[in-house]
Amino acid sequence: MTQRQVTVEAEVGLHARPAATFVQTAAKAPLDITIAKGSGKPVNAKSILSVLSLDVRKGDIVVIAAEGDGADEILDRLAEIASAP
Amino acid sequence: MAETAPLPLDPRAVRLTASAADRDDAILQCGRALMEVGAVESPYLDAMLERERAVSTYMGEGVAIPHGTLKAKEVVRHDALCVLRFPDGVDWDGERVTVCVGIAARGDGHLRLLSALARILMDPERARALREAEEVAEVLRLLEPIEEEE
């Protein structure tokens, strides 16, 4: 399992456009990807409902994880989206 | 994070058999329902349209959650939800929406409401029941927050 841990910097947290962009990017990858808030339970990163249910706010830490070919590449992109101001 | 406070849904803001010409019409009907329970002032309606044009509020499971922009917070008097069912469906940028949950919230209160709603809709049975609800009381019951598992 490969993972990235980042702090969310967007004012709205992982809601609205950041959440939409994050989920759309994750959904295009042919891998299972999860996201968790802090040490919480990981949820499906490809579902907007799952991501919104985490209620990630600015300053929260999220852990994004995937396994398989291309995991590093997609996780780098998702980490960048999640941590963008 | 664990959020079990009741959702601020006034039974008067639940409409089971609404119909709308298009997405914007559906959004405006939500805005008016929020106005009628005294939650928002009229400028909030334009802010809801503006918000929708910036990013779709479609959430999945046939549900959209129209709400205003951050700068419209000053015309929100109190946090509130409305639920409008559109049995004939509304075309929402290519998605079919049958339930709109309109949100009015001061501060970042809408984020709490939104995530509580997301947890409810993640249960496909509950989402289906919400789409097919035939009584206001049932809608109110379905939107009772789910207890956190952790």
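Nothing in this text is a laboratory measurement; each read-out follows from the coordinates by a stated rule. Note that the structure is predicted; figures quoted are calculated from it, not measured. All Cβ positions, glycine included, derive from the backbone under ideal geometry; neighbour counts span all protein chains shown.
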Test: A:VAL63 is β-branched (Val, Ile, Thr), crowded, with 19+ Cβ neighbours inside 10 Å and closer than 21 Å to B:ARG112 by Cα
no
Going by the conditions given, is B:THR57 without any contact (Cβ under 8 Å) to a residue 40 or more places away in the chain, within 14 Å of the chain's Cα centre (by Cα) and closer than 21 Å to A:GLN24 by Cβ?
yes
Output the number of the condition that A:GLY68 fails; it satisfies all remaining conditions of (1) at positive phi; (2) within 10 Å of chain B (Cβ to nearest Cβ).
(2)
Would you tally the residues in the range B:63-114 being among the small types (Gly, Ala, Ser) and within 12 Å of the chain's Cα centre (by Cα)?
6
Considering B:ASP10, B:ASP93, B:ASP22, B:ASP88, which residue is within 14 Å of another protein chain (Cβ to nearest Cβ), more than 24 Å from A:GLU11 (Cβ to Cβ) and touching a residue at least 24 places away in the same chain (Cβ under 8 Å)?
B:ASP93
On the given criteria, is A:LYS46 over 19 Å from B:LEU121 (Cα atoms) and either touching a Pro at 6+ places or on another chain (Cβ under 6 Å) or more than 9 Å from every other protein chain (Cβ to nearest Cβ) (or both)?
no
Got a sec? Which of B:ALA116, B:ALA64 is closer than 20 Å to B:ASP24 by Cα, out of contact with any helix residue (DSSP H, G or I) (no Cβ under 7 Å at 6 or more places or on another chain) and buried (at least 22 other Cβ atoms within 10 Å of the Cβ)?
B:ALA64
Restricting attention to strands (runs of 3 or more DSSP E) lying wholly within chain A, give those where 1 or more residues are more than 16 Å from B:ALA118 (Cα to Cα) and without any contact (Cβ under 8 Å) to a residue 40 or more places away in the chain.
A:33-37
Select from the range B:37-56 the residues that are out of contact with any Ser or Thr (no Cβ under 8 Å at 6 or more places or on another chain) and at the interface with chain A (Cβ under 9 Å from one of its Cβ atoms) and write down the one among them that is surrounded by the fewest Cβ atoms within 10 Å (Cβ to Cβ).
B:VAL55
Does B:GLY102 fit the bill of being surrounded by fewer than 16 Cβ atoms within 10 Å (Cβ to Cβ) and within 22 Å of A:SER53 (Cα to Cα)?
no
In the range B:11-48, the residues that are under 13 Å from B:PRO66 (Cα atoms) and not aliphatic (A, V, I, L, M):
B:ARG23, B:ASP24, B:ASP25, B:GLN29, B:CYS30, B:GLY31, B:ARG32, B:TYR44, B:ASP46
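Can you tell me how many residues in the range B:5-39 are within 20 Å of B:ARG53 (Cα to Cα) and of a type outside the set (Gly, Ala, Ser)?
Qualifying residue count for the region: 10.
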